[in-house]
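In what follows, a structure is listed as structure tokens, so that the remarks can point back to it.
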Amino acid sequence: MLSAVVWLALAAGGPENLASRFHGEVDVGGSLIDPSMHVGAEVGFALGMPRLLLRAEWNPWFSLQTRDGLQPGVFNVGAGLELRFFDERLASVFLVGTSVLLFKSAFDEPGHAGLFLSIQPAVLRFPVGTFHLRFSPLSMAILAPSLEAIPLISAQFRTTVGFEL
Amino acid sequence: MRALAWVLLLSQPAHAFSIGSAFADPCHERITVEALRDTSFDFSDTDAQRPLKSEAELRLAGWFLERLGEAAIAPPPVDERVLNSFLVGVRRPDVEGWALRDLASIRSLQLDLDGQSAHFLRAQRDEGTEGNASAIAESRAYMLALIDSSRLSWVVGADLLNVPTWVEHYADVNVPVIEAAYLLAQALHALQDSFSHTYRTEDVRRINVVMTYLGAFNPDWVERTHGPQHSVVLDRCELPENAAAVAAATQASHELMVAVEQYWRSGNRTEVDAVLDRWLSLTPDCNVDNGYCASPTPRIIENEKARGCSASAGAFVLLGALLLISRRRRFH
């Protein structure tokens, strides 16, 4: 995926043109349903209307049934597309990738890997100096680090804020 | 967020000795595992009729044990399937198969007008001093019905029962349990609650009065008629003041387990009845006027409430001092 992005970037033109097509982002957020938080970093490359994205995030989970408190949760990596509308004030993001379990759960060991899916239908982008503040009031993420006999699936409804350069 | 925290705190799933959650110690689970020590539950006579234990069952039993608390509890001398059956069973009356965040379902379970005997509490009809005897009789009948069913299941060597159970982070987990142990565990839940839902004598052996949970939701509640209200203080097995009740609940649970195991094999229920007689007998003529025959239980509740109030008052004083300091700094 990374080589494909580099190849597309080289095909896109000279260095100035190239730099303007990249963006980077860091964000933080949480979910009350399936209580959790997430800290993520993202890079993107404009390829005409859609932007190709690569994302990595840490997604610790809160325990309600036990006194384990904040559990390490999962580490997610994914690739996808971002579409921007209304003079790039609004964006929609779709990502798919891999979710890796970071703790020993009732039925699964750390390191178990499965599916990561994220849909952000509406991300508001506000210009702040040379940055953009990004705010996603409600998005959905499916984390399924184990899809075996007893699947481990977390459906999170997230609120996220981030800075984009 | 603060409102959510209050909702979660006020809606703890357990309204008895607590079951394990982010907000409460796993009291029923600890008492049951401790009581299983020195027992000899052996289902090998009928194990051949059942499928072999799965890897998931072994993992779940280990996960349950790891979460019994900071105090290390040695694994009881029963296999993983038996342990799962007891732990899923003893949690069942408080949560059924619901997630702990399913507050509406859990609240409806707590307020079930016909379900109070599962938690050794008064039903609406259990009024006055006579209400103590009727509440005890109803809970005892509930326990004996479960114990009789458990014997029937043991005798026929019933198939494993798949019980929908909420296991954190997993949806739709059906835990295969041995029905006889699972039913006995639900009876144990009621027996254990008889130590957190009653005022008892100094030696914790006899019951002086049975408490009410429904009373807290009844605007016409009168202590003399409906009994003292349920107190979360008595649910907390980690409080030193409740140590005697917890020890007695563990002893009573162990005695009932041993007696039921004998009953399964012999068909003679005499020892089961004797255990229930020993721990569920009522001291006559205890009422609000004589301080429930000078039971020490109300003092435990009042002392703990006072401690909670003084801690809160201390926090307010500290907050006030911090505010004052911050105002002074701003003005200078």
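What the table below lists for this structure:
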{"item": "Hits in the stretch B:208-237 (condition: closer than 9 Å to B:H197 by Cα and of a type in the set (G, A, S))", "result": "B:S231"}
{"item": "Boolean, B:S194 is of a type in the set (G, A, S) and in contact with an Asp or Glu (Cβ under 6 Å, 6 or more places away or on another chain)", "result": "no"}
{"item": "Where A:S92 falls short, out of the listed (1) within 14 Å of chain B (Cβ to nearest Cβ); (2) under 17 Å from the mean Cα position of the chain (by Cα)", "result": "(1)"}
{"item": "Subset tally (residues that are buried (at least 20 other Cβ atoms within 10 Å of the Cβ), within 11 Å of chain B (Cβ to nearest Cβ) and assigned to a strand (DSSP E or B)) for the stretch A:48-77", "result": "3"}
{"item": "Residue ranges of helices (runs of 4 or more DSSP H) in the stretch B:1-90 with at least 2 members buried (at least 17 other Cβ atoms within 10 Å of the Cβ), out of contact with any helix residue (DSSP H, G or I) (no Cβ under 7 Å at 6 or more places or on another chain) and at pLDDT 85 or above", "result": "B:27-36, B:55-66"}
{"item": "Failed criterion for B:D94 (all others in (1) touching a Ser or Thr at 6+ places or on another chain (Cβ under 6 Å); (2) within 14 Å of chain A (Cβ to nearest Cβ); (3) modelled with pLDDT of 80 or more; (4) over 22 Å from B:S54 (Cα atoms) hold)", "result": "(1)"}
{"item": "Residues of the stretch A:25-47 classified as within 12 Å of another protein chain (Cβ to nearest Cβ) and in a strand (DSSP E or B), total", "result": "2"}
{"item": "The one condition in (1) more than 13 Å from chain B (Cβ to nearest Cβ); (2) farther than 22 Å from A:V161 by Cβ; (3) part of a loop (DSSP other than H, G, I, E, B) that A:D87 fails to fulfil", "result": "(2)"}
{"item": "Test: B:T283 is in contact with a strand residue (DSSP E or B) (Cβ under 6 Å, 6 or more places away or on another chain) and either among the β-branched types (V, I, T) or under 22 Å from B:V33 (Cβ atoms) (or both)", "result": "yes"}
{"item": "Looking only at the stretch A:106-129, and only at residues there that are in contact with a strand residue (DSSP E or B) (Cβ under 6 Å, 6 or more places away or on another chain) and aromatic (F, W, Y), the one that is surrounded by the fewest Cβ atoms within 10 Å (Cβ to Cβ)", "result": "A:F126"}
{"item": "Selection within the stretch A:130-149 - of a type in the set (S, T, Y) and either touching a residue at least 60 places away in the same chain (Cβ under 8 Å) or crowded, with 20+ Cβ neighbours inside 10 Å (or both)", "result": "A:S136, A:S139, A:S146"}
{"item": "Scope the stretch B:265-278; condition in a helix (DSSP H, G or I) and out of contact with any Asp or Glu (no Cβ under 8 Å at 6 or more places or on another chain); matching residues", "result": "B:R265, B:S266, B:T270, B:E271, B:V272, B:D273, B:A274, B:L276, B:D277"}
{"item": "Selection status of B:A321, surrounded by 12 or more Cβ atoms within 10 Å (Cβ to Cβ), farther than 25 Å from B:E179 by Cα, modelled with pLDDT under 95 and among the small types (G, A, S)", "result": "no"}
{"item": "Residue match in the stretch B:229-251 (condition: in a loop (DSSP other than H, G, I, E, B), surrounded by fewer than 23 Cβ atoms within 10 Å (Cβ to Cβ) and modelled with pLDDT of 95 or more)", "result": "no"}
{"item": "Close pairs (9 angstrom Cβ cut-off, 6 or more residues apart or separate chains): in a loop (DSSP other than H, G, I, E, B) in the stretch A:150-165, of a type in the set (D, E) anywhere", "result": "A:I150/A:D108; A:I150/B:D172; A:P151/B:D172; A:L165/A:E25"}
{"item": "Residue count, the stretch B:116-137 (criterion: surrounded by fewer than 20 Cβ atoms within 10 Å (Cβ to Cβ) and either under 14 Å from the mean Cα position of the chain (by Cα) or assigned to a helix (DSSP H, G or I) (or both))", "result": "4"}
{"item": "Filter result for the condition that a residue is touching a Gly at 6+ places or on another chain (Cβ under 9 Å) and in contact (Cβ under 8 Å) with a residue 40 or more places away in the chain, over B:L256, B:L188", "result": "B:L188"}
{"item": "Of all residues in the stretch B:169-182 being assigned to a strand (DSSP E or B) and within 14 Å of chain A (Cβ to nearest Cβ), the one that is nearest to A:S63 (Cα to Cα)", "result": "B:Y170"}
{"item": "Complete set of residues in the stretch A:64-100 that are within 29 Å of B:L60 (Cβ to Cβ), touching a Leu at 6+ places or on another chain (Cβ under 7 Å) and not β-branched (V, I, T)", "result": "A:L64, A:Q65, A:P72, A:G73, A:F75, A:N76, A:S99"}
{"item": "B:Q262 over 27 Å from B:G128 (Cβ atoms), outside any loop (DSSP other than H, G, I, E, B), under 16 Å from the mean Cα position of the chain (by Cα) and among the polar types (S, T, N, Q)", "result": "no"}
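Let's see how each residue does on (1) away from chain A (no Cβ under 14 Å); (2) closer than 30 Å to A:L152 by Cβ; (3) of a type outside the set (S, T, Y):
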| residue | (1), (2), (3) |
| --- | --- |
| B:L111 | yes, no, yes |
| B:R122 | yes, no, yes |
| B:G131 | yes, no, yes |
| B:S149 | yes, no, no |
| B:L152 | yes, no, yes |
| B:V156 | yes, no, yes |
| B:P164 | no, yes, yes |
| B:V167 | no, yes, yes |
| B:L184 | yes, no, yes |
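The values are calculated or read from the model by the stated rules, or taken from the named source; none is laboratory data. Quantities reported herein were computed from a predicted structural model and do not represent experimental measurements. Don't worry about glycine lacking a Cβ; one is built from the backbone with ideal geometry, like all the others, and counts go over all protein chains shown.
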